[in-house]
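Below you'll find the structure, written out as structure tokens, and then a few comments.
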There are 2 protein chains.
Amino acid sequence: MYDGIKGFRDVYPDEMAARRTAIDELEDTARRYGFREIATPALERAELWTDKSGDDIVEELYAFTDRGGREVAMTPELTPTVARMVVAKQQALSKPIKWVSTRPFWRYEQVQQGRFREFYQTNVDIFGSAEPTADAEVLAYAADALVELGLTSEDFDFRVSHRDILGGVLESIDPEVDTEAAIRAVDKREKLESNEYDGLLRDAGLSTDEAESFDALLDTEEDDLDDLVAFAETERVENAVSNLEAVLAAADDLGAREYCTLSLDTARGLDYYTGVVFECFDTTGEVGRSVFGGGRYDDLIEGFGGQPTPAVGVALGLAPLSLLCQRAGVWPDEALTTDYYVLQVGDTRETAAELTRELRERGHVTETDVAGRSFGAQLEYADSIEAETVVIVGEQDLAEGQYTVKDMESGDQTEVPVEAFPGEYDRPTYDDLA
Amino acid sequence: MYDGIKGFRDVYPDEMAARRTAIDELEDTARRYGFREIATPALERAELWTDKSGDDIVEELYAFTDRGGREVAMTPELTPTVARMVVAKQQALSKPIKWVSTRPFWRYEQVQQGRFREFYQTNVDIFGSAEPTADAEVLAYAADALVELGLTSEDFDFRVSHRDILGGVLESIDPEVDTEAAIRAVDKREKLESNEYDGLLRDAGLSTDEAESFDALLDTEEDDLDDLVAFAETERVENAVSNLEAVLAAADDLGAREYCTLSLDTARGLDYYTGVVFECFDTTGEVGRSVFGGGRYDDLIEGFGGQPTPAVGVALGLAPLSLLCQRAGVWPDEALTTDYYVLQVGDTRETAAELTRELRERGHVTETDVAGRSFGAQLEYADSIEAETVVIVGEQDLAEGQYTVKDMESGDQTEVPVEAFPGEYDRPTYDDLA
């Protein structure tokens with residue numbers, strides 16, 4: 001007997017039924033927004049991450065040398081791949097480019113609740129627009145997708161921030177500070193003990209007084225954003241604040257404003273973000289960490305050798321999203337559904353097969369015996385697949401020109417003439433026929 | 001600039017639209033048959049292949065040692081994974097187990113037309129039934145899926161064989177022959193020069209006379225299967241012939257018989273097959289090799305440490321299937337479709353956003369400007385995404401309480417009152433309103 005690999009899940013049909021419903025909602029919503037599906041490789045050259053990404057992600061890479069001597073990595077995230085694809089067809093693609101895809105990614109990290117080494121994400125990105133409306137479109141997509149799953153503003157909250165507000169304020173406190181290190185510290189602010197957090201800020205080059213002053217500014221509320229502009233007295237902070245306000249105004253037009261809260265300590269861990277960033281949280285705090293996040297990364301395409309191309313996107317992770325939906329009581333049922341089981345009694349295979357074909361042609365989920373089983377065993381199986389209706393095709397019944405139609409929930413059954421089933425009804429049940 | 005990896009394809013939206021249509025047909029058909037979707041890991045312990053599979057597949061494995069010291073492989077096929085999953089929950093799963101999934105697999109092989117190192121397959125399997133009706137269900141599924149794609153019996157042909165007929169006939173010719181080696185030779189019969197093929201048969205232990213006699217038997221036609229039984233005079237061949245005939249009769253009940261032809265030199269390359277095997281071919285021969293194949297593998301689950309559990313399945317590869325569909329002229333359009341583009345002229349963002357939301361809520365694929373573009377640039381973009389209808393939301397029009405609705409194919413346009421769009425129509429076009 002062989003085991004699967006730790007952190008890699010086998011998903012059986014009951015659980016998959018719920019996941020499929022959820023993925024369909026995420027993808028259908030993206031489709032309505034005009035995001036176009038793409039398919040992307042599972043392997044990339046490892047240098048896509050080793051060249052530019054932070055150490056955190058490189059330490060978690062599933063990387064190896066392939067049979068052709070290439071250093072390759074199983075992709076731990078989508079962004080570098082789509083950036084590469086944009087660069088490869090930069091001239092041919094009409095902009096804005098709006099892409100969506102759902103697929104697994106791989107990171108060798110600690111396995112815990114809602115976090116696995118193989119994990120599924122729906123990624124949505126817009127390339128080629130620096131406008132606040134593009135950020136707002138991504139926020140609105142994410143909010144709409146969650147609402148389609150049954151969540152409300154009581155359940156989730158997008159904590160929105162702006163990299164240039166953080167960077168600009170830091171710069172105005174002390175031009176010598178290591179901005180990226182300080183922002184990484186901010187990203188961990190909620191998870192760390194305060195002395196560890198203070199230590200990281202000092203490592204980034206802030207004095208104790210500066211760290212204290214910076215930390216207080218992180219709690220600035222939406223109505224007081226002008227205070228930050230006044231504090232920093234730089235064009236960078238002024239522009240960042242007005243960009244953030246414009247994004248929130250455009251999100252309002254698209255109905256997504258109510259899900260957004262200013263939260264300057266939301267920084268996102270990855271270095272490539274440049275503008276507005278956001279993370280989705282469970283309002284009750286039961287799902288104790290960020291559910292998913294996204295933001296603007298205007299410099300990545302150019303960094304990959306392309307024309308300067310602004311970009312903004314979001315990656316919705318299925319596992320943390322399922323925790324949020326379960327907490328809110330809206331995760332789809334983890335159960336099979338079956339419209340019909342066609343039960344064979346005696347030598348009725350030919351008729352049963354014909355009826356099965358007809359029901360399948362009408363689009364109904366229909367099973368019949370493929371294992372030569374007894375009446376009782378077939379009925380038990382029909383029950384196990386949650387069949388709504390069992391159509392019993394028996395030798396004696398057939399001799400009298402009829403089937404028996406049984407409702408599996410109530411156990412009630414009735415005879416119907418062979419020619420009347422399925423007949424005029426598209427999807428007849430016991431209730432239609434009794 | 002970074003390159004992708006050879007044999008790994010980037011699939012852009014136009015091509016993906018066609019692939020999605022095809023995958024949806026394959027999966028919807030499986031769903032109607034009562035196959036239940038599962039999700040399976042991209043990595044498995046390498047021993048799933050190195051322990052038992054032929055050298056061919058092991059030489060093509062993307063295998064490496066992970067950070068935890070495990071010997072792992074990116075899965076080159078699904079069968080060992082589903083066998084492992086059946087063994088892991090053998091008691092809990094009600095039988096027959098009917099599973100479907102679509103996902104990529106990886107093999108380091110020669111890249112050629114329709115063959116890549118990363119390739120997508122829809123796998124369909126039934127576990128727990130040794131009945132001919134189970135083989136027939138798999139054949140009928142595959143035929144129905146192809147018919148849903150628009151193919152007919154003029155386009156494709158299932159060449160059906162039986163491992164035990166080949167094995168039993170070989171055994172009766174010479175009990176000392178290496179049956180597996182001889183069957184692997186048969187699998188390559190069409191691809192090899194006749195002297196190479198003869199050489200492989202001699203390597204398997206057949207004399208020149210025996211090889212000649214065996215080779216002639218491979219051309220036995222359906223009506224003459226009894227000749228094989230008479231030739232071999234063994235129960236093994238008699239049972240195999242009657243099993244094959246029963247499978248074809250059950251396929252007839254399900255409407256799949258017309259796609260099946262007896263072809264004893266169809267052997268399938270993998271060692272784990274035990275009973276009926278089949279391969280789909282292009283009837284015109286333009287797609288010069290097997291499009292996909294499947295068959296019965298009754299011993300694999302027990303070989304993986306489970307209870308004896310008969311099994312039968314098929315794996316439809318998307319790339320070779322697309323070659324067949326393209327040859328037959330039924331591959332779906334590689335093009336985008338868009339219901340509406342809402343074009344903003346002047347300061348109309350709020351109204352345009354509201355209209356966009358309403359159209360999206362109705363389920364229509366709707367885009368609007370997210371890049372602050374001019375009238376002309378927006379119209380050009382609407383054209384590039386193949387928008388059917390453009391709704392122009394202009395400042396002046398709005399002052400008069402109207403939108404302009406433009407048909408993108410004809411260029412015709414008409415004004416409509418704001419309150420009348422989309423109004424009573426679910427999905428109004430120029431033709432509804434003019």
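The values are calculated or read from the model by the stated rules, or taken from the named source; none is laboratory data. The shown structure was predicted, so the numbers you read here are calculated from the model rather than taken from an experiment. Heads up, the Cβs are rebuilt from the backbone with ideal geometry, glycines too, and the neighbour counts pull from every protein chain shown. Remember, those area values only see protein heavy atoms, side chains included, never the ligands or the DNA or RNA. Shrake-Rupley method; radii C 1.70, N 1.55, O 1.52, S 1.80 Å.
If a residue must be closer than 14 Å to B:ASP369 by Cβ and in contact with a helix residue (DSSP H, G or I) (Cβ under 7 Å, 6 or more places away or on another chain), how many such residues does segment B:328-352 contain?
Of the residues in segment B:328-352, 12 are closer than 14 Å to B:ASP369 by Cβ and in contact with a helix residue (DSSP H, G or I) (Cβ under 7 Å, 6 or more places away or on another chain).
Could you pull out the residue among A:VAL72, A:VAL87 that is in contact with a Gly (Cβ under 8 Å, 6 or more places away or on another chain), modelled with pLDDT of 95 or more and under 18 Å from B:ASP10 (Cβ atoms)?
Exactly one residue qualifies, and that residue is A:VAL87.
Among the residues in segment A:232-247, are any farther than 26 Å from A:CYS325 by Cβ, part of a helix (DSSP H, G or I) and basic (Lys, Arg)?
The answer is yes, given that some residue of segment A:232-247 is farther than 26 Å from A:CYS325 by Cβ, part of a helix (DSSP H, G or I) and basic (Lys, Arg).
Kindly indicate whether A:ARG31 is open to solvent by less than 20 Å² (accessible area, probe 1.4 Å), of a type in the set (Lys, Arg) and within 22 Å of the chain's Cα centre (by Cα).
No; evaluated as a whole, the condition is false for this residue.
Is it true that some residue in segment B:59-78 is touching a residue at least 24 places away in the same chain (Cβ under 8 Å) and closer than 20 Å to B:VAL276 by Cα?
Scanning segment B:59-78, I find at least one residue that is touching a residue at least 24 places away in the same chain (Cβ under 8 Å) and closer than 20 Å to B:VAL276 by Cα, so the answer is yes.
Which one of B:GLU180, B:GLU190, B:GLU238, B:GLU222 is at pLDDT 90 or above, among the acidic types (Asp, Glu) and closer than 21 Å to B:TYR273 by Cβ?
B:GLU238 is the lone residue from the list that is at pLDDT 90 or above, among the acidic types (Asp, Glu) and closer than 21 Å to B:TYR273 by Cβ.
When the residues of segment A:88-123 are filtered to those that are free of Cβ contacts under 8 Å to residues at least 60 places away in the same chain and of a type in the set (S, T, N, Q), which remaining residue is nearest to the other protein chains (Cβ to nearest Cβ)?
Per the criteria, the residue is A:SER94.
Report yes if some residue within segment A:335-342 is under 30 Å from A:THR266 (Cβ atoms) and touching a residue at least 60 places away in the same chain (Cβ under 8 Å); otherwise report no.
The answer is no; no qualifying residue exists.
Which is of a type in the set (Gly, Ala, Ser), over 20 Å from the mean Cα position of the chain (by Cα) and closer than 27 Å to B:VAL82 by Cα, of B:GLY303, B:GLY313?
It is B:GLY303.
Test A:LEU359 against the criterion of being at negative phi, crowded, with 22+ Cβ neighbours inside 10 Å and under 32 Å from the mean Cα position of the chain (by Cα), and give yes or no.
When the stated conditions are applied, A:LEU359 does not pass them.
Return the pairs, sorted by first residue and then second, in which the second residue is open to solvent by less than 10 Å² (accessible area, probe 1.4 Å) and assigned to a strand (DSSP E or B), the first residue lies in segment A:383-394 and is within 11 Å of another protein chain (Cβ to nearest Cβ) and on the phi < 0 side of the Ramachandran plot, the beta carbons are less than 6 Å apart, and the residues are 6+ apart or on different chains.
A:ILE385/A:THR338; A:ALA387/A:THR338; A:ALA387/A:TYR341
State whether one or more residues within segment B:259-275 are open to solvent by less than 30 Å² (accessible area, probe 1.4 Å), at pLDDT below 95, among the hydroxyl-bearing types (Ser, Thr, Tyr) and more than 30 Å from B:GLU47 (Cα to Cα).
yes
Scanning for something more than 9 Å from chain B (Cβ to nearest Cβ) and without any contact (Cβ under 8 Å) to a residue 24 or more places away in the chain, does segment A:132-141 turn up at least one residue?
Within segment A:132-141, not a single residue is more than 9 Å from chain B (Cβ to nearest Cβ) and without any contact (Cβ under 8 Å) to a residue 24 or more places away in the chain.
Starting from segment B:203-224, keep only residues that are more than 16 Å from B:ASP178 (Cα to Cα), then list their pairs with residues that are of a type in the set (A, V, I, L, M, F, W, C) and assigned to a loop (DSSP other than H, G, I, E, B) whose Cβ atoms are within a distance under 7 Å, requiring at least 6 positions of separation or different chains.
B:LEU218/B:LEU264; B:THR220/B:LEU264
Looking at segment A:366-375, is at least one residue among the acidic types (Asp, Glu) and at the interface with another protein chain (Cβ under 8 Å from one of its Cβ atoms)?
Checking segment A:366-375: at least one residue is among the acidic types (Asp, Glu) and at the interface with another protein chain (Cβ under 8 Å from one of its Cβ atoms).
Suppose we filter A:VAL345, A:VAL390, A:VAL418, A:VAL405 for residues that are open to solvent by 10 Å² or more (accessible area, probe 1.4 Å), over 21 Å from B:ALA136 (Cα atoms) and among the hydrophobic types (A, V, I, L, M, F, W, C); which single one remains?
A:VAL418
With the structure loaded, tell me whether A:GLU109 is in contact with a strand residue (DSSP E or B) (Cβ under 9 Å, 6 or more places away or on another chain) and under 30 Å from A:TRP331 (Cα atoms) or whether it fails that test.
yes
Which members of segment B:78-87 meet the condition of being more than 7 Å from every other protein chain (Cβ to nearest Cβ) and either of a type outside the set (Ser, Thr, Tyr) or in a loop (DSSP other than H, G, I, E, B) (or both)?
The answer is B:LEU78, B:PRO80, B:VAL82, B:ALA83, B:VAL86.
Can you report the number of residues in segment B:336-353 which are more than 7 Å from chain A (Cβ to nearest Cβ) and either at pLDDT 95 or above or in contact with a strand residue (DSSP E or B) (Cβ under 9 Å, 6 or more places away or on another chain) (or both)?
Total meeting the criteria: 12.
So, in segment A:194-231, of the ones that are aliphatic (A, V, I, L, M) and in a loop (DSSP other than H, G, I, E, B), which residue ends up nearest to the chain's Cα centre (by Cα)?
Looking at residues that are aliphatic (A, V, I, L, M) and in a loop (DSSP other than H, G, I, E, B), I get A:LEU218.
Somewhere in segment B:167-182, is a residue part of a strand (DSSP E or B), more than 14 Å from chain A (Cβ to nearest Cβ) and open to solvent by 40 Å² or more (accessible area, probe 1.4 Å)?
Within segment B:167-182 (the criterion being part of a strand (DSSP E or B), more than 14 Å from chain A (Cβ to nearest Cβ) and open to solvent by 40 Å² or more (accessible area, probe 1.4 Å)), the answer is no, since none of the residues qualifies.
Considering segment B:50-70 alone, what residues qualify as being more than 7 Å from chain A (Cβ to nearest Cβ) and either of a type in the set (Ser, Thr, Tyr) or in contact with a strand residue (DSSP E or B) (Cβ under 6 Å, 6 or more places away or on another chain) (or both)?
Passing the criteria: B:THR50, B:SER53, B:LEU61, B:ALA63, B:THR65.
For B:PRO13, only one of the following conditions fails: (1) within 30 Å of A:GLU386 (Cα to Cα); (2) at the interface with chain A (Cβ under 7 Å from one of its Cβ atoms); (3) in contact with a Lys or Arg (Cβ under 6 Å, 6 or more places away or on another chain). What is its number?
The number of the failed condition is (1).
From the set of residues in segment B:1-28 that are farther than 30 Å from A:TYR108 by Cα and over 19 Å from the mean Cα position of the chain (by Cα), which is most open to solvent (accessible area, probe 1.4 Å)?
Per the stated criteria, the residue is B:ASP14.
If I ask for residues that are assigned to a helix (DSSP H, G or I), farther than 18 Å from A:ASN123 by Cα, in contact (Cβ under 8 Å) with a residue 12 or more places away in the chain and of a type in the set (A, V, I, L, M), which ones from segment A:14-47 would you list?
Within segment A:14-47, A:ALA17, A:ALA18 qualify.
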